[in-house]
Amino acid sequence: MLELGFETIGNATLICHDGGPVLVTDPWLDGGAYFGSWTLSHEIPEEQREHIRRCPYVWLSHGHPDHLSSESLEKLRDKTLLVPNHFGGRIQEDLRAQGFQVRVLVDREWTSLSPRIRVMCIPDVNQDAVLLVDIDGRLVVNLNDAGDRGWGRFVRDVIRGYGETYLLALSGYGDADMINYFTEQGERIPPYAAAKTPVGQTIARQVDFYGVRYFVPFSSMHKYQRADSVWASEYTTRLEDYARGFESTTCTMLPPFLRRDFLRDTAESIHPKERLIQPVDPKEFGDDWSERLEPEEVKALETYFQRIEHLGEALDFLRFRVGGQEHVLTFRPSRFQKGITFEVPRHSLMTAVRYEVFDDLLIGNFMKTTLHGDFGQGRLYPDFSPYVAKYSDNGRARTRNELKAYFGEYRRRDPVGFLRAKVEAHCLRPLQTQSAELLRTVLRPDSATFRLAKESYWKVRRALL
């Protein structure tokens, strides 16, 4: 029995113990994610399943299905679900409507869950969230998928107050963010993940930025299983890849699946069975690529996108190719220069529209995306994905006034952090992306010169942010 400590298992599941299991985060135990495109890379052992079942509290970081798994939550209906205080309140409202007991955590305040466990939740403008877990004076920092949106300095300040610190964070080659891009001639564009920059190098910079003592690979343990998305398997991260290129004099990398016992002062690997994948026909998940849209579905598609005012300012058109038939949504009829074509099966498309989860199509990597016109290095960022998937779908902010209220609320919560996030988004991140692309054309990602350039960026980022 684990009296005091924590375990990591599955994709982004942290189990915290104090005289028994107390808290589990983002439990994805069974089923697929992203319309069946993803499955867990490893089985969840029965011992950890039992620990999860015994936890009175479940924390959910955000709405992506590899973190908020409806199938898994059905097995945990007697638990108290802890959720971030996101603008729009979508997660809490949806879960309460389904009959779950939900508790919204107050931003940046400690909440006690047991005599020796307390938590602090930090939501951000991207509809992501960080969880800090204090286990009897030791700090576990659960970043899951969250990137620093202005809260990085605050988290570093908290970390400095602890002697024993653990960082759990998304890391890998970036397959979840690469999107299935095609040229206008119908050829797949090699993703950024194809560079396969040594994962350990990125982790080393991250742990130096936050100043933690230990790092646990986290939130990237999935495999592709749909026959139309298995092409992306080449870019997933294997367990042995995390340590490649990792060098640090101040931080130790621990195993991805871990049992950390604080009273016995032991850190043991958990060895779950790896899943072997046989490609699954998309029809098993309801997708027939030959099916066409019904007239009422076309209207629903138009309504879904045309209510997002920013799209009319940034794009001329959206084209959807479904079952070989094209449907064009025009924002500026007088122009037809900048737009996006999505080729996608009917069932998944209309499910994404009905439940407002368009990001699930992008991450699933079976929908084909073609850009027309000048989108720059960011491609779907910043003018499409954030406004559709983050601000509209999750934040319920679609008009100019709603967006003003949305951003104003996050600015009010953390004025300095909000400004830092703006500086990075509009200055540092574009510069880093452009520089990295240029360097990749002349340098190997594992070369000393490339590594020095990346380290220089992180030093500047740390100094400014």
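The values are calculated or read from the model by the stated rules, or taken from the named source; none is laboratory data. What you are looking at is a predicted structure, and each value in this text was computed from that prediction instead of being measured. Positions of Cβ are generated from backbone atoms using ideal geometry, with glycine treated the same way; all protein chains shown enter the neighbour counts. For accessibility, only protein heavy atoms count, side chains too; no ligands or nucleic acids. Shrake-Rupley method; radii C 1.70, N 1.55, O 1.52, S 1.80 Å.
The residue that is surrounded by the most Cβ atoms within 10 Å (Cβ to Cβ), among those in the stretch 28-46 that are assigned to a strand (DSSP E or B) and within 17 Å of the chain's Cα centre (by Cα), is 38. The set of residues in the stretch 391-412 being in a helix (DSSP H, G or I), buried (at least 19 other Cβ atoms within 10 Å of the Cβ) and not aromatic (Phe, Trp, Tyr) consists of 392, 393, 394.
So in the stretch 377-389, with the set limited to residues that are in contact with a helix residue (DSSP H, G or I) (Cβ under 8 Å, 6 or more places away or on another chain) and open to solvent by 10 Å² or more (accessible area, probe 1.4 Å), which one is modelled with the lowest pLDDT? Going through the qualifying residues, I end up with 377.
Every listed requirement among (1) touching a strand residue (DSSP E or B) at 6+ places or on another chain (Cβ under 7 Å); (2) surrounded by fewer than 22 Cβ atoms within 10 Å (Cβ to Cβ); (3) in contact (Cβ under 8 Å) with a residue 60 or more places away in the chain; (4) among the aromatic types (Phe, Trp, Tyr) is met by residue 214 save one, (3). Within the stretch 306-318, not a single residue is polar (S, T, N, Q), without any contact (Cβ under 8 Å) to a residue 40 or more places away in the chain and under 30 Å from residue 223 (Cα atoms). Among the residues of the stretch 304-315, is there at least one that is in a helix (DSSP H, G or I), of a type in the set (D, E, K, R), within 30 Å of the chain's Cα centre (by Cα) and farther than 30 Å from residue 208 by Cβ? Checked against the condition, which is being in a helix (DSSP H, G or I), of a type in the set (D, E, K, R), within 30 Å of the chain's Cα centre (by Cα) and farther than 30 Å from residue 208 by Cβ, the stretch 304-315 yields at least one hit. Restricting 327, 372 to residues that are open to solvent by 10 Å² or more (accessible area, probe 1.4 Å), of a type outside the set (A, V, I, L, M) and either without any contact (Cβ under 8 Å) to a residue 60 or more places away in the chain or in contact with a helix residue (DSSP H, G or I) (Cβ under 8 Å, 6 or more places away or on another chain) (or both) narrows the list to 327. Within the stretch 248-261, the residues that satisfy the criterion of being of a type outside the set (A, V, I, L, M) and either touching a Pro at 6+ places or on another chain (Cβ under 6 Å) or crowded, with 20+ Cβ neighbours inside 10 Å (or both) are 251, 256, 257, 259, 260. Filtered by the rule that a residue be farther than 20 Å from residue 378 by Cα and open to solvent by less than 30 Å² (accessible area, probe 1.4 Å), the stretch 330-351 gives 344, 345, 348, 349, 350, 351. Would you please name the residue that is farthest from residue 398 (Cα to Cα), looking only at residues in the stretch 296-324 that are open to solvent by 10 Å² or more (accessible area, probe 1.4 Å) and aliphatic (A, V, I, L, M)? The extreme case among them is 298.
For the stretch 133-147, a tally of residues being more than 16 Å from residue 217 (Cβ to Cβ) and out of contact with any helix residue (DSSP H, G or I) (no Cβ under 8 Å at 6 or more places or on another chain) returns 7.
Sub-6 Å Cβ pairs linking a first residue in the stretch 259-271 that is part of a loop (DSSP other than H, G, I, E, B) to a second residue that is open to solvent by 20 Å² or more (accessible area, probe 1.4 Å), at least 6 apart or interchain, are 263/3; 270/259, ordered by first then second residue. Kindly indicate whether residue 329 is in contact with a strand residue (DSSP E or B) (Cβ under 8 Å, 6 or more places away or on another chain) and not in a strand (DSSP E or B). Criteria not met by residue 329. When the stretch 134-182 is filtered for residues that are open to solvent by 10 Å² or more (accessible area, probe 1.4 Å), of a type outside the set (D, E, K, R) and under 23 Å from residue 18 (Cβ atoms), the ones remaining, listed by number, are 137, 158, 161, 162, 163.
Every residue in the stretch 271-295 that is closer than 30 Å to residue 140 by Cα and either modelled with pLDDT under 95 or surrounded by fewer than 17 Cβ atoms within 10 Å (Cβ to Cβ) (or both), please. Answer for the stretch 271-295, where residues must be closer than 30 Å to residue 140 by Cα and either modelled with pLDDT under 95 or surrounded by fewer than 17 Cβ atoms within 10 Å (Cβ to Cβ) (or both): 271, 273, 274, 275. The residues of the stretch 1-25 that are touching a helix residue (DSSP H, G or I) at 6+ places or on another chain (Cβ under 9 Å) and closer than 28 Å to residue 367 by Cα, listed by number, are 10, 13. Taking each residue of the stretch 120-138 that is on the phi > 0 side of the Ramachandran plot and looking for partners that are part of a strand (DSSP E or B) and surrounded by fewer than 24 Cβ atoms within 10 Å (Cβ to Cβ) with beta-carbon atoms closer than 7 Å, six or more apart or interchain, yields 136/4.
With respect to the stated conditions, residue 245 is buried (at least 17 other Cβ atoms within 10 Å of the Cβ) and more than 30 Å from residue 68 (Cβ to Cβ). Within the set 430, 445, 415, the sole residue that is under 29 Å from residue 64 (Cα atoms), modelled with pLDDT under 95 and surrounded by fewer than 19 Cβ atoms within 10 Å (Cβ to Cβ) turns out to be 430. Restricting attention to the stretch 174-193 and to residues that are part of a loop (DSSP other than H, G, I, E, B) and in contact with a Gly (Cβ under 9 Å, 6 or more places away or on another chain), the residue that is farthest from residue 361 (Cα to Cα) turns out to be 191.
Pairs linking a residue in the stretch 238-252 that is closer than 18 Å to residue 209 by Cα to a residue that is of a type in the set (Phe, Trp, Tyr) and open to solvent by less than 80 Å² (accessible area, probe 1.4 Å), with Cβ atoms under 7 Å and 6 or more positions apart or on different chains, are 251/214; 251/215; 252/214.
Based on what the data block shows, is residue 61 within 24 Å of residue 281 (Cα to Cα) and within 19 Å of the chain's Cα centre (by Cα)? In short, no.
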